[in-house]
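Trainee: Once you've had a glance at the structure underneath, I'll fire off some questions.
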Amino acid sequence: MTDQMVLATQKWLNKTYVGRNGCNVVQENGRTGWEVVHGLLRALQIELGISVPSDNFGPGTTARYQAAPLAKPALKGAASNKYAILQGALWCKGYDAGHYGDLDDHYDDKVAAAVASLQADAGIGGDGLTVSVNLMKALLSMDQFRLIPGSGGDASVRSFQQELNGGFEAYSGLIPCDGIYDRGTNEAVIYAIQALEDMPVDVASGYFGPSTRSHCPDLDYSHGQVSYTGAVYSDARIRRFCRIANFCMYVNGFPSGTQADPFPEKIDPARVREFQRKYAVAETGRINLSTWLSLCVSCGDTSRKGTACDTRFEITDAHVATLIANGYRHVGRYINGGSFKELRDGEAERITAAGLDLFLIYEDGAELAYFTEEQGDR
């Protein structure tokens, strides 16, 4: 479906910038997509004095924009192509910036209202009078800040995404608020944990590394862990950790709150045990480090004991003894892939004679073209 103001944005970009270095013709179809978004980004870079524009809002663009962020001018009628770029970006994001029929080069009350609406949807609030660098990055992207029909977005997840933006933007920047739990939201959760641990912004990484682990509190909290600065966590701080833990429980399929309060500020031990049971974590009913890792990291707690393994290496008598001594009971070996990785003659008997279970692995499809929708339906 053609959006007339997206179409107007595309026409304005072509009229204003085609022929300038690095600016390509934007298809005039009235549909938002990367092509028009990148066109707006390149236009902004030209206005910022960047001689070779690109499709990346990188450090150079960030530094130049931060030096003079867009703001509603005090002088009525002040004009700038940057204001037209802002209008177009708002329209492409679905916000009514006014100035119907064609973009113009003004930042007035209607544009400010659209900016304020986006700020509210992003969870950061504001009066729309200034466009921060993070907000401009969000505008010049395909990130969404509302629930999109048919996308599978969850209203409770969106609410927490807004909370992450409102409380931890300095750490994680602005993440989408579309109700979809994705890698960016997961990283923002880890940033939030690091922020609550009092880790400085320039130290926090969004990675659940050794320092984050050492300061991550058990819930319920018994003063066993302290913050990055060595302080015991306050009750108020622990309640915020509990909200994050319950959000992680929610997106992992173990909600512990209500519709009105989906992420409570206390832990439900019974629900935690259910999660721990499903993911083979020691059933303590507490959010300990192993449980935090299982909630927040795709590989979980890699230091926890397991009973199954697989390998491309031949299982020798020495390997069998080591596996049994460490509690392993199930071993996977490949039956294809060449002599480099395949099960060897006599190896199956060696494994099973020691009382270990053997499961066989057939692995194929090393080419990207193999992974089609049709193949996935088989």
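Trainee: Just to be sure I follow the rule: in the chain, considering lysines 8 or more places apart or on different chains, how many pairs have Cα atoms under 22 Å apart?
Mentor: Taking the chain as the scope, the lysine pair count is 18.
Trainee: Please report the net charge: other residues with Cβ closer than 12 Å to the Cβ of VAL281, K and R +1, D and E -1.
Mentor: +3
Trainee: Remind me, relative contact order of region 155-296 in percent, using alpha carbon pairs under 8 angstrom and six or more residues apart?
Mentor: 18
Trainee: Could you tell me how many degrees, from 0 to 90 and to the nearest 10, lie between the Cα long axis of helix 4-17 and the main elongation axis, the longest principal axis, of the Cα atoms of the chain?
Mentor: With both axes taken from Cα atoms, the answer is about 80 degrees.
Trainee: While we're here: Could you tell me which trypsin sites (Lys or Arg not before Pro) in region 70-147 are loop residues by DSSP with no more than 12 other beta carbons within 10 angstrom of their beta carbon?
Mentor: Passing both the DSSP loop test and the Cβ count: LYS76.
Trainee: Now for a different question. Which cross-chain or sequence-distant (5 or more) residues have an amide H under 5 Å from the amide H of LEU358, H modelled 1.01 Å from N in plane?
Mentor: The answer is VAL331.
Trainee: Using percent of Cα pairs over 40 Å apart as the read-out, say which of (1) 17; (2) 36; (3) 4 was calculated from these coordinates.
Mentor: Only one option fits the structure, namely (2).
Trainee: Which chymotrypsin sites (Phe, Trp or Tyr not before Pro) from region 297-378 combine a DSSP loop assignment with at most 16 other Cβ atoms within 10 Å? Working shown, then result.
Mentor: Numbers: sites: PHE313, TYR328, TYR334, PHE340, PHE359, TYR362, TYR370, PHE371; in loops: PHE313, TYR328, PHE340, TYR362, PHE371.
Here the chymotrypsin sites (Phe, Trp or Tyr not before Pro) that fit, given the DSSP loop and packing criteria, are PHE313, PHE340, TYR362, PHE371.
Trainee: What is the sum of charges around ILE361, taking Lys and Arg as +1, Asp and Glu as -1, for the other residues whose C-beta is under 12 Å from the C-beta of ILE361?
Mentor: Within the 12 Å Cβ shell, the charges total -1.
We did not get these values from a lab; they are worked out from the coordinates using the rules stated. This structure is a prediction, so every number in the text was calculated from the model and none was measured. A quick note on method: Cβ atoms are made from the backbone with ideal geometry, for glycine too, and the neighbour counts reach across all protein chains shown.
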